[in-house]
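K.L.:
Okay, handing you the structure first.
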Amino acid sequence: MVAGYRPNNLKEALEIMNKEECIVLCGGTDLMVKRKKSAGVEPGFDKPVIFIRDLEELKQITLENNILTVGAACTCSKIAQSDLVPEYMKKSVLCMASPGIRNMATIGGNICNSSPVGDTLPLLYALEAVVVLEGINGKRELPINEFITGPGQNVIRKDEILKEIKITMKDFNKVLHRKVGTRKAIALAKLSFMGLTKVENGKIKDIRLAFGAVAPTIVKSKDIENEIIKMGTIGKDNIKEIKDKYAEIIKPIDDQRSKANYRKGTCLNLLGYYLEDLM
Ligand SMILES: Cc1cc2nc3c(=O)[nH]c(=O)nc-3n(C[C@H](O)[C@H](O)[C@H](O)COP(=O)(O)OP(=O)(O)OC[C@H]3O[C@@H](n4cnc5c(N)ncnc54)[C@H](O)[C@@H]3O)c2cc1C
């Protein structure tokens, strides 16, 4: 039996975590599975558990000065119901699990779980989201690609909580999201693709391409994106050139869900399909 803390606010939570190392539990949909034991036996929590799901400071969604801020304890369902969240973001969040899980699963939990198959991650990478971490001594902000360092690994400190995610909203007019799984619901991704592009007067002004489940972390390359912006327009020749560049950095593995060559081939096909649409 271990202690459980239910702090009333973020300050109280951070004070507890400053004194004692705790396991942060938000929706619990990852943790309860990871720590489960056989039927009838309590889950294996070896440190006090701190429940953060009800902290108001972590449950807000706001849009100010073109910055969308989503509290870490916002569930997928809450995000999908918000009037402030654009449709393409909602669609990406709604491809996760099933309605019951989405009522519990939080965006902060998906980020802190840091799995390359996490469904919110290609979207957040493509949007170049910034995570806000808070500890007793203050806040720090990190781009999501610097926060997540490997499968299940990130740079959060033991006394920190992920408070919120900040996204500078841009006007993308060509959007494609695809999650490829064994079935439509309650299946983890074999691979996923998120493409966001701003095309103006036939020219590519901004492009963000992110691939999930095909490397230890989400694949996104600012260098290749900048090269595409320099090209300005997409033609048959540069589609091949762009696909060749991504082929070098998409490095999937074989596992129980899929084969590496299927993952890579399908990602490159989705990329080709998306780029053709930009022609
Ligand atoms: C049946 C089922 C189906 C699923 N299907 C999918 C799917 O299709 N796609 C998908 O991506 N995921 C899926 N998941 C995984 C899970 O639902 C998501 O990763 C979810 O977003 C986790 O959120 P949570 O709040 O439940 O996290 P929790 O389980 O509470 O926490 C996950 C991890 O993050 C840490 N953490 C959580 N919040 C914070 C915070 N604010 N600050 C610091 N640390 C924090 C915890 O300590 C823990 O290490 C599924 C899970 C189940 C059980």
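The values are calculated or read from the model by the stated rules, or taken from the named source; none is laboratory data. None of these values were measured; they are calculated from a predicted model. Cβ sites come from the backbone with ideal geometry, for glycine too, and all protein chains shown count toward neighbours. What goes into the accessible areas is simple: the full protein's heavy atoms, side chains included, and nothing from ligands, DNA or RNA. Shrake-Rupley method; radii C 1.70, N 1.55, O 1.52, S 1.80 Å.
K.L.:
For residues in the stretch 53-65 being in contact with a Leu (Cβ under 6 Å, 6 or more places away or on another chain) and closer than 20 Å to Ala13 by Cα, which is nearest to the ligand (Cβ to nearest atom)? Let's see the steps before the verdict.
P.N.:
The initial filter retains those residues of the stretch 53-65 that are in contact with a Leu (Cβ under 6 Å, 6 or more places away or on another chain), namely 55, 57, 61, 63.
Going one step further and asking which of them are closer than 20 Å to Ala13 by Cα, we end up with 55, 57.
Details: Leu55: 9, Glu57: 10 Å.
Result: Leu55.
K.L.:
Would you point out the residue of the stretch 258-278, among those that are surrounded by fewer than 16 Cβ atoms within 10 Å (Cβ to Cβ) and out of contact with any helix residue (DSSP H, G or I) (no Cβ under 8 Å at 6 or more places or on another chain), that is farthest from Lys179 (Cα to Cα)? It would help to see each step written out before you state the result.
P.N.:
To start, the set of residues in the stretch 258-278 that are surrounded by fewer than 16 Cβ atoms within 10 Å (Cβ to Cβ) comprises 259-262, 265, 269, 272-273, 276-277.
So of that shortlist, the ones also out of contact with any helix residue (DSSP H, G or I) (no Cβ under 8 Å at 6 or more places or on another chain) come out as 259-262, 265, 269, 273, 277.
Values: Lys259: 16, Ala260: 16, Asn261: 17, Tyr262: 14, Gly265: 14, Asn269: 13, Tyr273: 14, Asp277: 18 Å.
Among those that are surrounded by fewer than 16 Cβ atoms within 10 Å (Cβ to Cβ) and out of contact with any helix residue (DSSP H, G or I) (no Cβ under 8 Å at 6 or more places or on another chain), it is Asp277.
Matching residues to (1) outside any helix (DSSP H, G or I); (2) in contact with a His (Cβ under 7 Å, 6 or more places away or on another chain); (3) at pLDDT 95 or above:
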site	(1), (2), (3)
Ala13	no, no, yes
Met17	no, no, yes
Gly28	yes, no, yes
Gly44	yes, no, no
Glu57	no, no, yes
Ala73	yes, no, yes
Ile79	no, no, yes
Ser92	no, yes, no
Met96	yes, no, no
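K.L.:
Looking for something in contact with a Ser or Thr (Cβ under 9 Å, 6 or more places away or on another chain), near the ligand (Cβ under 7 Å from one of its atoms) and open to solvent by less than 10 Å² (accessible area, probe 1.4 Å) - is there at least one such residue anywhere in the stretch 66-73? Break it down into steps so the answer makes sense when it comes.
P.N.:
Step one: filter the stretch 66-73 for residues in contact with a Ser or Thr (Cβ under 9 Å, 6 or more places away or on another chain), giving 66-73.
Keeping just the survivors that are near the ligand (Cβ under 7 Å from one of its atoms) gives 72-73.
This time we only want the ones that are open to solvent by less than 10 Å² (accessible area, probe 1.4 Å), so: 72-73.
Yes, that holds for at least one residue.
K.L.:
Is there any pair with a first residue in the stretch 267-279 that is under 13 Å from Thr233 (Cβ atoms) and a second that is at pLDDT 95 or above and in a helix (DSSP H, G or I) whose Cβ atoms are under 7 Å apart and which are 6 or more apart or on different chains, and what are they?
P.N.:
Leu275/Ile239; Leu275/Ile242; Glu276/Ile239
K.L.:
Take the stretch 180-207 and flag every residue that is in contact with a helix residue (DSSP H, G or I) (Cβ under 8 Å, 6 or more places away or on another chain) and modelled with pLDDT of 95 or more. Can you show your working first?
P.N.:
Initially, the stretch 180-207 is screened for residues in contact with a helix residue (DSSP H, G or I) (Cβ under 8 Å, 6 or more places away or on another chain), giving 180, 186, 190-197, 199, 204-207.
Leu191, Ser192, Phe193, Met194, Gly195, Leu196, Thr197, Val199, Ile204, Lys205, Asp206, Ile207, listed by residue number.
K.L.:
Are any of the residues in the stretch 221-234 closer than 21 Å to Val93 by Cα and open to solvent by 20 Å² or more (accessible area, probe 1.4 Å)?
P.N.:
Of all residues in the stretch 221-234, those closer than 21 Å to Val93 by Cα come to none.
Checked the stretch 221-234: no residue is closer than 21 Å to Val93 by Cα and open to solvent by 20 Å² or more (accessible area, probe 1.4 Å).
K.L.:
Can you find, within the stretch 231-252, the residue that is farthest from Thr182 (Cα to Cα) among those that are hydrophobic (A, V, I, L, M, F, W, C) and in contact with a Lys or Arg (Cβ under 8 Å, 6 or more places away or on another chain)? Please lay out each step first, then the result.
P.N.:
First, pick out the residues of the stretch 231-252 that are hydrophobic (A, V, I, L, M, F, W, C): 231, 234, 239, 242, 247, 249-250.
Filter again for in contact with a Lys or Arg (Cβ under 8 Å, 6 or more places away or on another chain), leaving 247, 250.
Values: Ala247: 23, Ile250: 21 Å.
Here the residue is Ala247.
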